[in-house]
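The values are calculated or read from the model by the stated rules, or taken from the named source; none is laboratory data. Note that this is a predicted model, so its numbers are computed, not measured. As a convention, Cβ positions derive from the backbone with ideal geometry for all residues, glycine included, and neighbour counts pool all protein chains shown.
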Amino acid sequence: MVLATGTVTLLLAEVAGWTQLWQSHPRDMKAAVTQLDAAVPSIVGNHQGVKLAEQGIGNSFMAAFTCATDAVACALELQRAPLAPLQLRIGLHTGEVQLRNETSYVGAALNRAVRLRDLAHGGQTVLSGTVHDLVVDCLPADVWLMDLGTHHLRDLPRPERVFQLCRPGIRIQFPALRSSDSSLARQLPLQLVSFVCRGTRLSEVQELIHRSRLVTLIGVGGAGKTRLAIQAAAAAAANFADGVWFVDLGPVTEPHGVETAIARTITSPDQPRSSTIATLTNFLWGRQTLIVLDNCEHLLDACRAVVMRLLAQCPRLTIVATSREPIGFAGEIRWRVPRMSLDDEAVELFADRARDVQPDFDLSDGHREIVKDICRRLDGLPLAIELAAAQVRYMSLGEIVDGLDETFIRLDGGVRATTSRQRTLWASIDWSHRLLTGPERVLFRRLAVFRGGFTVSAAKVVGRADHEERADVTRRLSRLVDKSVVVAETIDGRTRYRLLETMRQYALDVLRDSGEYELVARRHSDYYMNMAGAFETPARCGDEQHVQQLDRDFDNLKAAFTWYCDSAEIVSALRLTSLLQPMWLARGRIQEGLRWFDAILAANLGCNQAVTQVVRARALADKAGLDAWVGAVDSTALAHEALETARRLNDPDLLVRALTACGATSGYDLDAARSYFAEALGAARSINARWRLTHVLGWQAYSALVAGDPVTMLAAAEEGRDLAHSGGDRLSARYCRWSVAVATMLKGELEPSIATLRDMADEAEAARDPLWYTIVLVNLSRGLAYSGEANGAITAARDALGTAAVMGPWYEGFAQGALAAAALSAGDIPMAGKAIAAAPQLVGTHPSMMARINAYTAQIELARGNLSAAKCKADEAISSSSGWHLAQTLTTRARIWSAQGEWSRAESDVRAALTKAVEVEAFLGVSDIIECLGAVAAHEENYRCAARLLGAANAIRERSSEERFTIYQAEYDAALAVTRSALGDADLAAALAEGDVLGVQEAIAYAQRGRGQKKRAASGWASLTPTEFEVAEHVAEGLSTKEIAALMFVSIRTIHSHLTHIYTKLGINSRVQLANLANHHIFKTESAPSL
């Protein structure tokens, strides 16, 4: 073995939970470790790596690679290797190493790799930023890297940007990384320049954060409030277990946007049927969290209201605000940010920033006095000092001093500022502005229209001067970055630019003074309109990367929408809102989209131009479609108006949209929905609109789910999935894949359904798609509940509740229903009751959802023994259920009837349930139905039939992986015990075996025999069971009790029991009487009843 030296990629792996595994699985561990020891050298060698000598107790190993991509490929294979019960946590880092000896390394790179590995969970692979940069452009198509943010590594001074290695087939969903401040660090903006410490002031702010729940850092723009707040928050990380969040209010222009900005940062902006602030308090209650609210000064009233509400209702929340004025809240600690010390801090900051642009900058004794004079003239304001320091690339220190003198003379008595420090800042910005060339000034002021950052492509379109080449804009933008007027940042591997808020406000004033504002604002709005319009092109209709781009530019999109509205450009505002339909869904921003629609439609009631009719009708259809996603059933009129317009204008694309909206908003009118979707499918096929077609097929599949029809659901979903995959439409594919998984589940195929849903949960999480992450987890929970994995089902349901809480009440209702089902499967009735009690007020009056809630409630009340309440809820559910849902609820009511002793009604309902399940080919739950029939047969003393049915149900469970809910175990045990008592162990085993060999269809056919027979008579020969007929026959033949027992392979006690039942039913009390009656009746006038 020859170890490489110099720069190598290290792979460090460790078995998670090593000690606990030896305690809990001592027998399995020996074989597992042997398997691991055999697999690792082979896998490492296959990828051109070298496995190093063991360092530890056998639970970890290390490998070295000369190529980072080989290390990544090795990690993927290790995570996919069959090593259960072992799970590996793996860290990858590239750096320079030194040989410790011939078989091992030492050095800083190894230390960083160890700390990186320690962040990971079992089954998780994490990469350093260095490895990310080496491999990100050459990964296989199905492999991607998930950005987990910047984290401090234990005992290491420099934080690390951490990425997770992802691929279908390996676990992707994990808790926060295993570091004390991981949840915090990744929520704070990445700082690209060093923090120049301000003596004890950082520790003072930390102490205030520890003592008070609201700390406001007050100072003029450029005083360093933001940077100090971020640094203090990072330093306080360990005290906030549930994370720290940074919310920039600079781009926010309207008061209601404060709570929305917070929600967007920490969760999601959507709160259907619930206020944003209520959703925030619901999410933050009980969480130990720190929020940094930056740039509050222009929204003080709104900030005060939000802060009061959050702090009052979230007892473990702390807020640090930055503002030019106090928030004005009782209990607020106001800490005025002082200027930097001119003797050391200010000079150090100037020198540090000067070296960023001129590495050989020397702060000699002579220079120090000049720099100190510059800092004094700039009042020790960090932003002003940084702007001045950026000029050392082009100017001497003396020239900088002269330039400042000229600026202060010109701004003496400043018109924009009221305090000396404000005038100082404005003067320094004005001076930096005057140092720009004419074309640079034009670009600088035009960049003021951007909100939340921009790309170079956007700057080329919006910021260029007339007849200017776009390449010139790129060069000038780079010069603005060099001069510290514009900030450049790398986000998700792409460079974005932004103006600091103080600089943007200055530039906006200059832009308005220039008379160019309207021109540039229109360019800006139209640019983002065109960006949104890319969804209309076939190649981009379901492009997730395009969704991510729009998500990053959401502040710009909102600014464009606002400008269109303020300019009374109704058509453009409506069109932009409609174009963003895929983003509203893919990012869970449904309620945001509805607010946009509501705002502009309310102002557009009187428009009747032809082009506006098309745009308005599309907007109505799109709004109705969004309403359907949150369970609203009151948008049918909007959809019908859109349909009327589409038919009148003979617009085929609009017709497809309107028909889809009509179907989606049809509520529980399944016949109407089927009609709308059928027409929409035909229209979409006629114009070859693939994206619209997949969209319609997705809705058709969902409508079939509401109807409980898995066959129709599966057919629509599979066609939609294949169309979406062939067109690269991952958004629609996700919808249709989910439908395929659920349809497969209803058909009784749990394992493939659960596997697909697990993959989809990982995919949706990686894609930052909260809508489908929530929906998939809800259905994964239900699948796990049916498969007997109650704990996993409860976990999935609770995870779904975590995202549903910020998606809105409709999705909370979904998740609460899933939690109730999971609790029922576990036999935890209090948990189930609490979950289902919260659901009705969340989902409103939507018929299909209320039917499901009533069905769960019926099962819960049955388990509690409240039979009257259970019967009432079951009746309500049955009245608005169909297909598989009806079969399930009929089964529940049959259980209620049997608990009440109404066996005839129980048999009627359970046979109706079986008929319905067979009719729609929905076999999930058929084992429950057949077990209920077995219980009915046992009650009627048809014990052999009961045993065969119970055996058939067990066989179905074995083949389908469906388990019995814990709450029904006692009912099954009782039926089995009665049957065992009647038949004896041997006969019971034989009868169970007869049922066990039946396939699903055979078992169903067997169970359906005798459908429609009346209940067996209570007395007389017709009341005897087949087994009792057999005993009577043997008595007539003159056999003794002992002989009959031997012949029937049961105990003498069992025969005595049968004789007692026979005597009672026939009204006799001796074997002689029975023999006489049997000879007279059994073989002459009666025949043994069939099943």
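Criterion applied to Arg895, Arg944 was being assigned to a helix (DSSP H, G or I), of a type in the set (Lys, Arg), in contact (Cβ under 8 Å) with a residue 40 or more places away in the chain and within 26 Å of Pro830 (Cβ to Cβ), and the one residue passing it is Arg895. Before we move on, is Ser904 of a type in the set (Ser, Thr, Tyr), touching a residue at least 60 places away in the same chain (Cβ under 8 Å) and in a helix (DSSP H, G or I)? For Ser904, the condition - of a type in the set (Ser, Thr, Tyr), touching a residue at least 60 places away in the same chain (Cβ under 8 Å) and in a helix (DSSP H, G or I) - is met. Quick check, is Gln191 of a type in the set (S, T, N, Q), modelled with pLDDT under 85, outside any helix (DSSP H, G or I) and closer than 27 Å to Ala312 by Cβ? It is false that Gln191 is of a type in the set (S, T, N, Q), modelled with pLDDT under 85, outside any helix (DSSP H, G or I) and closer than 27 Å to Ala312 by Cβ. Is there a residue being surrounded by fewer than 18 Cβ atoms within 10 Å (Cβ to Cβ), within 38 Å of the chain's Cα centre (by Cα) and not in a loop (DSSP other than H, G, I, E, B) anywhere in region 919-941? Yes, the conditions are met somewhere in region 919-941. Going residue by residue through region 1006-1028, is there one that turns out to be modelled with pLDDT of 85 or more and in contact with an Asp or Glu (Cβ under 7 Å, 6 or more places away or on another chain)? No, every residue in region 1006-1028 fails to be modelled with pLDDT of 85 or more and in contact with an Asp or Glu (Cβ under 7 Å, 6 or more places away or on another chain). Consider Ala223 carefully, then state whether it is outside the structural domain of Glu160 (by TED's automatic domain parsing), assigned to a helix (DSSP H, G or I) and either out of contact with any His (no Cβ under 6 Å at 6 or more places or on another chain) or farther than 13 Å from Trp335 by Cα (or both). Against the criterion (outside the structural domain of Glu160 (by TED's automatic domain parsing), assigned to a helix (DSSP H, G or I) and either out of contact with any His (no Cβ under 6 Å at 6 or more places or on another chain) or farther than 13 Å from Trp335 by Cα (or both)), Ala223 does not qualify. Filtering Gln231, Gln206 for residues that are part of a helix (DSSP H, G or I), of a type outside the set (Phe, Trp, Tyr) and touching a Leu at 6+ places or on another chain (Cβ under 8 Å) leaves a single hit, Gln231.
Here Val114 passes the criteria (1) more than 24 Å from Gly6 (Cβ to Cβ); (2) at pLDDT below 90 except the one numbered (1). Among the residues making up region 722-779, none is touching a Pro at 6+ places or on another chain (Cβ under 8 Å), of a type in the set (Lys, Arg) and farther than 26 Å from Leu924 by Cα. The sole residue among Ala632, Ala661, Ala673, Ala689 that is at pLDDT 90 or above and among the hydrophobic types (A, V, I, L, M, F, W, C) is Ala661.
Within region 74-101, the set of residues being without any contact (Cβ under 8 Å) to a residue 60 or more places away in the chain and either out of contact with any strand residue (DSSP E or B) (no Cβ under 8 Å at 6 or more places or on another chain) or outside the structural domain of Ser128 (by TED's automatic domain parsing) (or both) comprises Glu77, Ala81, Pro82, Leu83, Ala84, Asn101. Within region 963-977, can one find any residue that is over 23 Å from Asp828 (Cα atoms) and outside any loop (DSSP other than H, G, I, E, B)? Yes, that holds for at least one residue. For region 705-753, a residue qualifies if it is hydroxyl-bearing (Ser, Thr, Tyr), within 30 Å of His546 (Cβ to Cβ) and either over 21 Å from the mean Cα position of the chain (by Cα) or surrounded by fewer than 21 Cβ atoms within 10 Å (Cβ to Cβ) (or both), and exactly one does: Ser726.
Of the residues making up region 67-111, those that are more than 24 Å from Arg178 (Cβ to Cβ), outside any strand (DSSP E or B) and at pLDDT below 90 are Pro82, Glu102, Thr103. Taking region 1048-1091 as the region of interest, how many residues are assigned to a loop (DSSP other than H, G, I, E, B) and modelled with pLDDT under 75? Going through region 1048-1091 one residue at a time, the tally reaches 13. All of Asp671, Asp634 fail the test of being acidic (Asp, Glu) and touching a helix residue (DSSP H, G or I) at 6+ places or on another chain (Cβ under 9 Å), apart from Asp634. Being touching a residue at least 24 places away in the same chain (Cβ under 8 Å), in a helix (DSSP H, G or I) and not hydrophobic (A, V, I, L, M, F, W, C) is the filter here, so list the residues in region 727-761 that pass it. Hits for region 727-761 are Arg730, Ser732, Arg734, Tyr735, Ser739, Thr744, Glu751, Ser753, Asp759. I need the full set of residues from region 224-241 which are under 11 Å from Asp294 (Cα atoms) and either of a type in the set (Ser, Thr, Tyr) or within 28 Å of the chain's Cα centre (by Cα) (or both), in order please. Once the filter is applied, which keeps residues that are under 11 Å from Asp294 (Cα atoms) and either of a type in the set (Ser, Thr, Tyr) or within 28 Å of the chain's Cα centre (by Cα) (or both), region 224-241 yields Thr226, Ile230.
Taking each residue of region 1-17 that is within 15 Å of Cys67 (Cα to Cα) and modelled with pLDDT of 80 or more and looking for partners that are polar (S, T, N, Q) and part of a strand (DSSP E or B) with beta-carbon atoms closer than 6 Å, six or more apart or interchain, yields Thr9/Thr94.
The number of residues in region 764-778 being surrounded by fewer than 22 Cβ atoms within 10 Å (Cβ to Cβ) and outside any loop (DSSP other than H, G, I, E, B) comes to 2. Put simply, of Glu399, Glu386, Glu440, Glu348 the only residue that is at pLDDT 80 or above, surrounded by fewer than 17 Cβ atoms within 10 Å (Cβ to Cβ) and assigned to a helix (DSSP H, G or I) is Glu399. Take the residues of region 491-519 that are within 27 Å of Ala223 (Cβ to Cβ), without any contact (Cβ under 8 Å) to a residue 60 or more places away in the chain and surrounded by fewer than 14 Cβ atoms within 10 Å (Cβ to Cβ): which is nearest to the chain's Cα centre (by Cα)? Selected residue: Arg512. Filtering region 18-28 to residues that are of a type outside the set (Asp, Glu), more than 30 Å from Asp70 (Cβ to Cβ) and in a helix (DSSP H, G or I) leaves Thr19, Gln20, Trp22, Gln23, Ser24, Pro26, Arg27. Checking each residue in region 1020-1040 for being under 19 Å from Arg980 (Cα atoms) and either touching a helix residue (DSSP H, G or I) at 6+ places or on another chain (Cβ under 8 Å) or surrounded by fewer than 14 Cβ atoms within 10 Å (Cβ to Cβ) (or both) picks out Leu1024, Thr1025, Pro1026, Thr1027, Glu1028, Glu1030, Val1031.
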